[in-house]
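First the structure, in the form of structure tokens, and then the observations on it.
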Amino acid sequence: MASTHDYINDKRNEDIYIYINGEFFHRSEAKISVFDSGFLLGDGVWEGIRLHNNRLIHFNNHIDRLYDGASSIAMEIHLTKKEIKAAVLKTLKKNNMISDTHIRLIVSRGLKSTPYQHPKVTVSDPTIVIIPEYKKPNEETFDKGIRLASVKTRRDFTVQDPKINSLSKMNCISACIEAEILGVDEGLMYDPNGFVSTCNSTNFFIITNNEVWTSSGEFCLNGVTRGSVIKLCKDNNIIVHEKNFSIEEVLNADEAFVTGTFAGILPVVEIDGVTFKKGDFTKRLSNLYRTDIDEVLL
């Protein structure tokens, strides 16, 4: 099966250096404590950032979202945004990376005095980890497209705010497992009202009657690439709607695609057994997006 995160294996990743709280460790030596909040509870936030042609794509947006997410869970990051950005750049320099790199920036609440959920037993500043890897998207995935299926796991506020990029990904993992059982690449998730919301690791769009539709955004991650595509549509006089829509409307759409930091825009070729073409509209948006990221500055 294809995957939105398929990449070309690169042996250089065996020797990368990982940033942990201001120090660098070889991949084989990079470790955190078993008392870390991220390990114990999935308590923290993260960002996936792409380095393309020596440019960190939508860097400011990712850092802003990181701090917004931390604030949403009452976690104060002890470093400033400027210091976090400098740490990312230092990590890239340490590894001599200039392109085709994916960065996982992780901030957990920090060390616990005991394995208990309450933030009051946190005894350190937040733990900051930066993992850079050489990851070039597999072009075969763009050629083949991906297959989706509706899953029972929903995006809602029952367990956690679906708009926060939390380290706790159990909701998305459950949808991913369902998709695997159904024999598709990702799960298409509904919101609590039964409208189409998002996929388990990407944001979802359809094209119908020359209009681009995506969910209202109330029950999905505030995707940086999602926001970039919406802006590109508006800048290029393409009608775009953030709205509620049903699975029936999806299955009658002309085209569908997903977005994410790593892969950008990927065409969808099947949903719930219904075949979709890799149409010209998706190709146009993909070209607009690729041109846009070539022009984005640090």
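Things worth noting here:
- Given their separation in residues at 0.36 nm each and the Cα-Cα distance between them, residue 181 and residue 104 gain 25.0 nm when the chain is fully extended.
- Per residue, the chain reaches -8500 deg cm²/dmol at 222 nm when only DSSP H runs of four or more residues are counted, each adding -39500 (n - 2.57).
- Measuring spread by the Cα atoms of the range 140-295 yields a radius of gyration and Dmax of 14.4, 40 Å.
- Positive dipole terminus of the chain, leading residue within 96, 276, 175 (C-beta point charges): 96
- Gyration tensor (alpha-carbon) shape descriptor, the range 216-298, a/c threshold 1.5: prolate
- Each label point was placed 7 Å from the Cα along the Cα-to-Cβ direction; for residue 254 and residue 239 their separation is 1.0 nm.
- Relative contact order, percent, the chain [alpha-carbon distance under 8 Å, six or more residues apart]: 20 percent
- For the range 79-147, a simple Cβ point-charge model (Lys and Arg +1, Asp and Glu -1, everything else neutral) yields a dipole of about 320 debye relative to the Cα centre.
- Per the Cα gyration tensor, the chain maps to an equivalent ellipsoid with semi-axes of 32, 23, 18 Å, ordered largest to smallest.
- The residue list 86, 251, 200 was ranked by how far each Cα lies along the charge dipole of the chain toward its positive end, using unit charges on Cβ atoms, and 86 comes out on top.
- Long-range lysine pairs (8 or more apart or interchain), the range 48-198, Cα under 22 Å: 23
- Backbone N within the range 33-51 under 17 Å of label point (7 Å from residue 27 Cα along the Cβ vector): 51
- Prolate/oblate/rounded call for the range 1-159, Cα gyration tensor, a/c under 1.5 rounded: oblate
- Length added when fully stretched, residue 216-residue 291, from 0.36 nm per residue minus Cα-Cα: 24.4 nm
- Cα-based shape type of the range 68-224, given that a ≥ b ≥ c are square roots of the gyration tensor eigenvalues and the cut on a/c is 1.5: oblate
- Placing +1 on the Cβ of every Lys and Arg and -1 on the Cβ of every Asp and Glu, with nothing else charged, gives the chain a dipole about its Cα centre of roughly 820 debye.
- Relative contact order of the range 140-295, defined on C-alpha pairs under 8 angstrom at six or more residues apart (%): 25 percent
- Its Cα centre serving as origin, the range 202-280 has a Cβ charge dipole (Lys and Arg +1, Asp and Glu -1) of approximately 300 debye.
- Antiparallel content of DSSP bridges confined to the range 140-295, in %, to 5: 65 percent
- Farthest positive-ward along the chain dipole, Cα basis, beta-carbon charges - from 237, 51, 16: 16
- Where GluC sites (Glu not before Pro) fall in DSSP loop in the range 18-104, at most 16 other Cβ within 10 Å: 76
- Residue-wise HN-Hα coupling along the range 25-32, computed from phi with Karplus coefficients 6.51, -1.76, 1.60 (Hz; x: Gly, Pro): 9, 4, 3, 5, 10, 6, 8, 10
FYI, it's all coordinate maths here, none of it is from the lab. What you see is a predicted model; the values in this text were computed from it and never measured. For neighbour counting, all protein chains shown are included, and Cβ atoms are generated from backbone atoms with ideal geometry for every residue, glycine included.
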